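Single-structure report; data block below.
The values are calculated or read from the model by the stated rules, or taken from the named source; none is laboratory data. Remember, it's a predicted structure, so these values are computed and weren't measured experimentally. So basically every Cβ, Gly included, is an ideal-geometry build from the backbone, and we count neighbours across all protein chains shown. Remember, those area values only see protein heavy atoms, side chains included, never the ligands or the DNA or RNA. Shrake-Rupley method; radii C 1.70, N 1.55, O 1.52, S 1.80 Å.
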Amino acid sequence: MLALTESLPLGLTDIFSPSASDSMFPEPLLELTGFQHSQPYPSCRTAIVGALQAAEIGSEQEVLVPGYTCYAVQRAVEQVTTPVYVDVTEEYTMDLTHAARQMSPDTAAILPTHLFGTPCNMIEIAQFATEHDLVVIEDAAQAIGTLLNSDQVAQYSDYCTFSFRFYKDATAFGSGLLLSPTPGPSPSADGQLLDQRLQLIGIKLFTETMGALPGRLYRPLRERVLDPIARSRSDAVEPAEPTALSRWQRRLLDHQLDTLPERVRTRQNHADRYAARLPDGIDYLEPADECSYFRFPIQVASELRDPLSARLRERGVGCSKMYSYTVAPEGTCQTADRLADGILNLPIHAGIDRLTIDRIAEITTDVYRELDGASGTVVRE
Ligand SMILES: Cc1ncc(COP(=O)(O)O)c(C=O)c1O
């Protein structure tokens, strides 16, 4: 296997003994944002439920939700109120022109999402919200390390949520955080420390093993076993009760916040290398200083996406089709529909070295050309 799309941003030693001696989290994250208060939740999806409840949004009201996001967000919003779906731009962020068309007298909130670590234009969104008297709930599940005007996102919203599930760029193996303008209810104690630590070690060992598998073993295991398990668990929403982070989790998160800027820089360098090497016909987000590259989504013609994915996996590139679905009713968010049909994520995490990124770009180019029947020089240095 050359590289997987995901990797834990931690080594085994970090898991056993996180290096930060004083566990201050979440204060260091609050300092990077425009918020004064935070409440830990079991997940980001439950933090979204918490934000909707704190904003006193009721079931008869409507919330503008991106048509292109994960099922968990859709389920979380549906628990409290009525989602109304808004199309996305080519950069996977909310399309405010479409948002204006989706407004009704019942619209009470808007939920912009920094998908794949790409910052939404929160200043425009905040202006739009002020004009229409909407609460802004910012979904930063994929955006720790994503900047806006050189600051961590979470500066211009009323509430902001983060995810610390595994494979996020700061993980505590399954918890989330709600940033809010006022203090929330006190969290209950977390009773699962040992369980979480064992699970995280298990995931780490499992990821390392998966990374060592040849593509012909990885592909069926992923498609027949892992993807169906992930799908079946992807949209369950546990009770939305604030739950304290254990000291171990806080130390783990402190440690990952310290190492985050370096990891983001590595991801950005990887993005630059991909951008210089991928062929015409494969679209990607233009490299940007403020993007944290939680993922590196590429876009190809929809009929090429599945064969490209299958052949890349055969050749050891653990790409993923996140997300090959939209949450909006078919046809209502046309850009989202198209992006979902053409998307593939290439590996970009900070555990990959430059030569491997170059090799992945080379394999992707070869396979794409085979499939497309194209030829020509591709380096755009
Ligand atoms: C954009 C986005 N929002 C929300 C969530 C939900 O996060 P969690 O799994 O912590 O509930 C995810 C999940 O990965 C996500 O990617």
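Helical runs (DSSP H, four residues minimum) scored at -39500 (n - 2.57) apiece and divided by the length of the chain put the mean residue ellipticity at 222 nm at -12500 deg cm²/dmol.
Taking all protein chains into account, the per residue accessible area for the chain stands at 42 Å² (1.4 Å probe).
Note on region 281-381: semi-axes of the ellipsoid equivalent to its C-alpha gyration tensor, largest first and rounded to whole Å, are 23, 17, 13. A straight chain from ARG338 to GLU370 at 0.36 nm per residue would run longer than the Cα-Cα distance by 9.2 nm. Shape of region 332-377 from the C-alpha gyration tensor: oblate (a/c of 1.5 or more and a/b not above b/c, with a ≥ b ≥ c the square roots of its eigenvalues). At the listed q of 0.13, 0.24, 0.27, 0.33 Å⁻¹, the Debye profile of region 282-323, built from one uniform point per Cα, gives log10 I(q)/I(0) equal to -0.33, -0.91, -1.04, -1.22.
One decimal place: the segment LEU221-ALA310 gains 30.8 nm when fully extended, by the rule 0.36 nm per residue minus the C-alpha distance. Can you work out the FRET efficiency for the pair TYR325 and PHE16, with r the C-beta to C-beta distance and R0 = 51 Å, to the nearest 0.05? Efficiency at R0 = 51 Å is approximately 0.85.
In this view, the solvent-accessible surface of CYS291, computed with a 1.4 Å probe and all protein chains in place, comes to about 10 Å². Here the Gaussian network model covers the chain, with springs between Cα atoms less than 10 Å apart; of ALA55, ALA172, ALA154, ALA55 fluctuates the most. Model label sites at HIS132 and ASP280, defined 7 Å from Cα along the beta-carbon direction, differ in position by 3.9 nm.
A protection proxy built from the mean count of other Cβ atoms within 10 Å ranks the segments 241-252, 109-120, 219-230, most packed first, as 109-120, 241-252, 219-230.
In a simple Cβ point-charge model (Lys, Arg +1; Asp, Glu -1; nothing else charged), the chain has a dipole of about 1620 debye relative to its Cα centre. Pair-distance distribution of the chain: all C-alpha pairs, bin width 20 Å, starting at 0; shares per bin in whole percent are 29, 60, 12, 0. Here r is the Cβ-Cβ distance between GLU238 and ASP272 and R0 is 45 Å; the resulting FRET efficiency, rounded to 0.05, is 0.70. Modelled spin-label separation between ILE229 and SER188, with each label point placed 7 Å from Cα along the Cα-to-Cβ direction: 2.7 nm. Considering only beta bridges that DSSP places wholly inside the chain, some 55 percent are antiparallel.
Per-residue extension of 0.36 nm, minus the Cα-Cα distance of GLU56 and SER104, leaves a gain of 15.5 nm for this segment.
Between the residues LEU147, CYS319, GLN39, the greatest Cα displacement towards the positive end of the dipole of the chain, with unit charges on the Cβ of Lys, Arg, Asp and Glu, is found for CYS319. Considering only VAL73, VAL225, THR161, the residue lying farthest towards the positive end of the dipole of the chain is VAL225, judged by Cα position with unit charges set on Cβ. Only protein heavy atoms count here; under a 1.4 Å probe, MET322 has an accessible surface of about 40 Å².
Magnitude of the charge dipole for region 3-82, about its Cα centre and with charges confined to Cβ atoms of Lys, Arg (+1) and Asp, Glu (-1), is about 200 debye.
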